[in-house]
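In what follows, a single structure is set out as structure tokens and then discussed.
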Amino acid sequence: MTDDTNRLGEYLRARRELVSPDSLGLPQVGVRRVPGLRREEVAMLAGISADYYLRLEQGRDRNPSVQVLESLARVLQLDEAATGYLISLAAERPRRARRRPRRESVPVGVRKLLDTLGLPAFVEGRYFDVLAANPLAATISPRFAVGHNRLLDVFLDPAEQAMYPDWDRATAGLVAGFRQAVGTDTDDPRFIELVGELSLGSGRFRRLWARHDVGPWEGSAVLLEHPQVGEITLYREKLAIGGTNGQVLAIYHADRGSADAEKLALLTSYQVETAAPAPTAHQPD
């Protein structure tokens with residue numbers, strides 16, 4: 001779990017330990033007792049004093065300028081999303097009493113839209129809970145259903161894990177997107193409960209969470225090993241839903257005319273046949 005009293009210092013320390021001195025052209029002098037960069041090296045490369053950087057990591061100075069943060073981001077090799085996250089950690093934010101869990105409600109129009117889409121789709125909440133799904137979503141995975149959580153399924157459910165041939169890459173992207181989605185709002189009970197359960201149940205999650213990776217959660221191609229059609233590559237789009245607190249509409253589709261499109265059509269046809277009402281038996285006159 002993240003120490004909410006010094007999130008900036010924890011983030012700086014985690015990212016510092018992931019930067020190779022060689023990548024910055026630093027000479028190898030002496031035996032390194034810690035992975036990554038030393039505090040003094042970060043300070044020197046960022047153009048600030050070692051004492052000031054130490055105060056930042058220890059939480060004794062929590063109001064660095066944007067210019068200092070951007071210099072640190074450059075040294076720590078942060079991309080645009082991670083730099084924005086770093087700056088947000090240093091922004092002054094009044095402490096609030098712990099809140100009650102917020103119930104996420106999917107707009108009525110989006111629910112109706114789900115039923116009209118001819119593609120597998122579901123609505124995902126800020127904490128990656130499945131809030132609504134159309135029947136076709138189950139053709140990709142039976143866990144694309146209301147009441148499931150994408151993080152819990154991917155990290156803790158062996159059947160879901162088996163669907164991702166490159167599970168390490170999939171989980172790394174999932175955790176980076178989760179941290180980006182949550183941002184600095186870490187006092188929500190749902191967040192605390194979820195990270196606690198994942199940390200207890202998955203060593204892989206604990207290691208990824210400790211890295212403090214941040215990345216945009218956006219559409220991408222996904223390779224799956226489907227139990228019915230075998231290997232299939234689908235495009236997964238993530239469309240933000242306006243007027244909600246971070247909800248997205250996830251839609252799966254394939255290249256038109258491709259073998260993957262044929263497999264997807266086969267899967268969806270199974271669902272349509274299953275959902276179709278049985279014909280009424282003819283009663284003799």
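The values are calculated or read from the model by the stated rules, or taken from the named source; none is laboratory data. Bear in mind the structure is a predicted one, so any value in this text is a computation, not a measurement. In this analysis, Cβ positions are derived from the backbone assuming ideal geometry, glycine residues included, and neighbour counts consider all displayed protein chains. Ligands, DNA and RNA are stripped out before the accessible areas are found, and what is left, the full protein with its side chains, is counted by its heavy atoms. Shrake-Rupley method; radii C 1.70, N 1.55, O 1.52, S 1.80 Å.
Over all directions, what mean area does the Cα convex hull of the range 177-219 project, stated in square nanometres? Walk me through the numbers on the way to the answer.
On the way: hull surface 13.1 nm².
The directionally averaged projection comes out at 3.3 nm².
Leaving ligands, DNA and RNA out of it, rank SER199, SER105, SER65 by accessible area with a 1.4 Å probe, largest first.
Ranked from most to least accessible, the order is SER105, SER65, SER199.
Count the net charge of all other residues whose Cβ sits under 9 Å from the Cβ of THR83, scoring Lys and Arg as +1 and Asp and Glu as -1.
Values: positive: ARG74; negative: GLU70, ASP79, GLU80.
Within the 9 Å Cβ shell, the charges total -2.
Sketch the reach of a paramagnetic label on LEU24 as a point 7 Å from Cα along Cα-to-Cβ, and name the residues of the range 49-73 whose backbone nitrogen lies under 12 Å away.
The answer is 50, 71-73.
Need one number: nm distance between label points at ASN245 and LEU156, each 7 Å from Cα along Cα→Cβ, rounded to one decimal.
2.2 nm
Accessible area of the range 1-75 with a 1.4 Å probe: how many percent of it is carbon plus sulfur? Show your work: numbers first, answer last.
Numbers: 2060 of 4060 Å².
C and S fraction of accessible area: 51 percent.
Rounded to the nearest 500 deg cm²/dmol, what is the calculated helix-only ellipticity per residue at 222 nm for the chain, with -39500 (n - 2.57) per DSSP H run of length n ≥ 4? Before the final figure, lay out the partial values.
Working: 13 runs with 127 residues, N = 285.
Here the helix-only value at 222 nm equals -13000 deg cm²/dmol.
Dividing the Cα radius of gyration by the Kirkwood radius, what Rg/Rh value follows for the range 145-240? Please list the in-between numbers first.
Details: Rg = 13.7 Å, Rh = 14.3 Å.
Using only Cα positions, Rg/Rh for the range 145-240 is 0.96.
Roughly how big is the chain's charge dipole about its Cα centre, with Cβ charges of +1 (Lys, Arg) and -1 (Asp, Glu), in debye to the nearest 20? Write down the numbers at each step before the final one.
On the way: 36 positive and 38 negative charges, 251 e Å.
Using Cβ point charges on Lys, Arg, Asp and Glu, the chain gives about 1200 debye.
What's the FRET efficiency of ILE192 with MET44 using the Cβ-Cβ distance as r and R₀ = 41 Å, to the nearest 0.05? Could the numbers behind the result be given before it?
Numbers: r = 38 Å, r/R0 = 0.92.
For ILE192 and MET44, the calculated efficiency is 0.65.
Between TYR270 and ASP79, what FRET efficiency comes out of the Förster formula 1/(1 + (r/R0)^6) with R0 = 51 Å and r the beta carbon distance, rounded to 0.05?
Numbers: r = 41 Å, r/R0 = 0.80.
Efficiency, from the Cβ-Cβ distance: 0.80.
Can you figure out the FRET efficiency of GLN67 with LEU113, using R₀ = 35 Å and their beta-carbon distance, to the nearest 0.05? Let's see the in-between values first.
Details: r = 45 Å, r/R0 = 1.27.
Approximately 0.20, to the nearest 0.05.
Express the relative contact order of the chain as a whole percentage, based on alpha carbon pairs under 8 Å and six or more residues apart in sequence. Please report the intermediate quantities before stating the final value.
Values: 380 pairs, mean separation 45.1, N = 285.
Relative contact order for the chain comes out at 16 percent.
Sorted from largest down, what three extents in whole angstroms do the Cα atoms of the chain have along their principal axes?
Extents along the principal axes: 96, 43, 32 Å.
Using the Kirkwood radius over Cα pairs, work out the Stokes-Einstein diffusion coefficient for the range 94-211 at 10 °C and 1.306 mPa s, in µm²/s as a whole number. It would help to have the intermediate numbers written out before the result.
Values: Rh = 15.5 Å.
For the chosen part, D equals 102 µm²/s.
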